[in-house]
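Colleague: One structure is given below, represented as structure tokens, and several questions about it will come after.
The values are calculated or read from the model by the stated rules, or taken from the named source; none is laboratory data. What you see is a predicted model, and the numbers here were worked out from it, not measured in a lab. Reconstructed Cβ throughout: ideal geometry from the backbone, glycine too, with neighbour counts over all protein chains shown. All accessible areas refer to the heavy atoms of the entire protein, side chains included, with ligands and DNA or RNA removed. Shrake-Rupley method; radii C 1.70, N 1.55, O 1.52, S 1.80 Å.
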Amino acid sequence: MPGSTSMESTLNQTSPPRVLIVGARSVRQGTGPFLAAGLAAAGADICGIVGTSDRSVQDALSGLAGEWNIKTRGFTDLATALEVLEPDAVTLCSPWRFHAEQLSVVAAAGCHCLVEKPMAWPARQADAEQLIAAYEQRGLLLQMVAQWPTTLAAFEALHGQLPGDISHFGMRLSPISIGQEMITDSAPHFISMLQALAGTGDCENCAMEVEQATGKLALSCQYRHALGTVNARLLLETCEQRPRPAWYEINGLRADRVVSLPDYRQSLASAAARVDFADPLHQVAAAFLAALAQGSSTDGATLRSAHRNLLQLAAVWR
């Protein structure tokens, strides 16, 4: 739908939405093939992929066909793919340092976008707001991948209804990265959970502790929102091997993620019980397509708040 200034053409379509995937290969911790599979399962036509080289494109095409039975076309240039394919939407799963430029190109082409976190990095708040505004002004939907909030239903099955007053939130993640990049890779997950639990807000009084011998990080902040404050803490420890340890706790009630191999079936577990949940990336993909079908608009406030809070948390490294 290049050049479109509204969502009407998407809403009136009888054919499946055409989605272009940028970064459809998982080399380190990429989500491209899993989002492609989720989008296809939810009814999208994966009309093409974009990679960095002919070899990476062929590897990605082979992987999608072999693992997910997705057969599509490959490109090494985003602008060319947009011109040739005229997709309705683009999913950006490329390394985050490319997101800002790619978001601009996608918006200019009149396409909706699902972008991996962080939305754009490094980027000043003003630059991030300009990117978001490009989608708002064109009536395009921009969403950021946020898979952890999809597990909250399983958390409630373990511990009962979420409390109305959340005073404490803790999370442990295990990124493949080290040092400052641990924050860039993992803090967006932490922020998305705070937003899901308490709405938009601001990370204040941010602090960091580093365990020099192991490189473990602990980020803490007070998340101030419309109804109060959440005392929040994010623990980070590098782990190169999947599945990577992860858990979170709300007001002292903890749930650990459990991954069963080889089918990668996921669940949350407490000391007393365990609850399975559907693949979070597939849930994100389905929700994005549903939002397109409903003509949903970009939630600029949430995206702006997420970027502002990432800047606040990342600043403690300096």
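Colleague: Do the conditions hold for Ala60, that is, is it in contact with a His (Cβ under 9 Å, 6 or more places away or on another chain) and aliphatic (A, V, I, L, M)?
Modeller: Numbers: in contact with a His (Cβ under 9 Å, 6 or more places away or on another chain): no; aliphatic (A, V, I, L, M): yes.
For Ala60, the condition - in contact with a His (Cβ under 9 Å, 6 or more places away or on another chain) and aliphatic (A, V, I, L, M) - is not met.
Colleague: Does Thr238 count as touching a strand residue (DSSP E or B) at 6+ places or on another chain (Cβ under 6 Å) and either within 17 Å of Gln195 (Cα to Cα) or at pLDDT below 95 (or both)? Quick ask: steps written out before the conclusion?
Modeller: Working: touching a strand residue (DSSP E or B) at 6+ places or on another chain (Cβ under 6 Å): no; either within 17 Å of Gln195 (Cα to Cα) or at pLDDT below 95 (or both): yes.
Spelling it out, it is not the case that Thr238 is touching a strand residue (DSSP E or B) at 6+ places or on another chain (Cβ under 6 Å) and either within 17 Å of Gln195 (Cα to Cα) or at pLDDT below 95 (or both).
Colleague: Let me ask you something else. Among the numbered criteria (1) over 28 Å from Asp165 (Cα atoms); (2) part of a helix (DSSP H, G or I), which one does Ile191 miss?
Modeller: Result: Ile191 fails condition (1) only.
Colleague: Can you run down the residue pairs with Cβ atoms below 9 Å, 6 or more apart or on separate chains, where the first is in the range 104-116 and within 25 Å of Asp185 (Cβ to Cβ) and without any contact (Cβ under 8 Å) to a residue 40 or more places away in the chain and the partner is of a type in the set (Ser, Thr, Tyr) and in a strand (DSSP E or B)?
Modeller: Every condition considered, the pairs that remain are Cys113/Thr91; Val115/Thr91.
Colleague: All but one of (1) surrounded by fewer than 14 Cβ atoms within 10 Å (Cβ to Cβ); (2) of a type outside the set (A, V, I, L, M); (3) under 19 Å from Leu85 (Cβ atoms) hold for Ser62; which doesn't?
Modeller: With respect to (1) surrounded by fewer than 14 Cβ atoms within 10 Å (Cβ to Cβ); (2) of a type outside the set (A, V, I, L, M); (3) under 19 Å from Leu85 (Cβ atoms), Ser62 is out only on (3).
Colleague: In the range 134-149, what residues are open to solvent by less than 30 Å² (accessible area, probe 1.4 Å), farther than 13 Å from Asp299 by Cβ and either more than 12 Å from the chain's Cα centre (by Cα) or among the small types (Gly, Ala, Ser) (or both)?
Modeller: Answer for the range 134-149, where residues must be open to solvent by less than 30 Å² (accessible area, probe 1.4 Å), farther than 13 Å from Asp299 by Cβ and either more than 12 Å from the chain's Cα centre (by Cα) or among the small types (Gly, Ala, Ser) (or both): Ala134, Gly139.
Colleague: Among (1) at pLDDT 95 or above; (2) within 22 Å of Trp121 (Cα to Cα); (3) under 20 Å from the mean Cα position of the chain (by Cα), which single condition is Trp247 missing?
Modeller: (2)
Colleague: Identify the residue in the range 259-285 that is surrounded by 14 or more Cβ atoms within 10 Å (Cβ to Cβ) and more than 20 Å from the chain's Cα centre (by Cα) and, among all such residues, is farthest from Ala44 (Cα to Cα).
Modeller: Taking the range 259-285 first, the residues surrounded by 14 or more Cβ atoms within 10 Å (Cβ to Cβ) are 259, 266-270, 274-275, 277-285.
Next cut, more than 20 Å from the chain's Cα centre (by Cα) only: 269-270, 274-275.
Details: Ala269: 32, Ser270: 36, Arg274: 32, Val275: 29 Å.
Per the stated criteria, the residue is Ser270.
Colleague: Among the residues of the range 16-25, is any farther than 25 Å from Leu303 by Cβ, modelled with pLDDT under 95 and within 18 Å of the chain's Cα centre (by Cα)? Don't jump to the end; show me each part of the working.
Modeller: Step one: of the range 16-25, the residues farther than 25 Å from Leu303 by Cβ are 16, 25.
Among the residues that remain, those that are also modelled with pLDDT under 95 are: 25.
Keeping just the survivors that are within 18 Å of the chain's Cα centre (by Cα) gives 25.
Within the range 16-25, one or more residues are farther than 25 Å from Leu303 by Cβ, modelled with pLDDT under 95 and within 18 Å of the chain's Cα centre (by Cα).
Colleague: Also, I was wondering about something else. Among the residues in the range 205-219, are any surrounded by 14 or more Cβ atoms within 10 Å (Cβ to Cβ) and among the hydroxyl-bearing types (Ser, Thr, Tyr)?
Modeller: no
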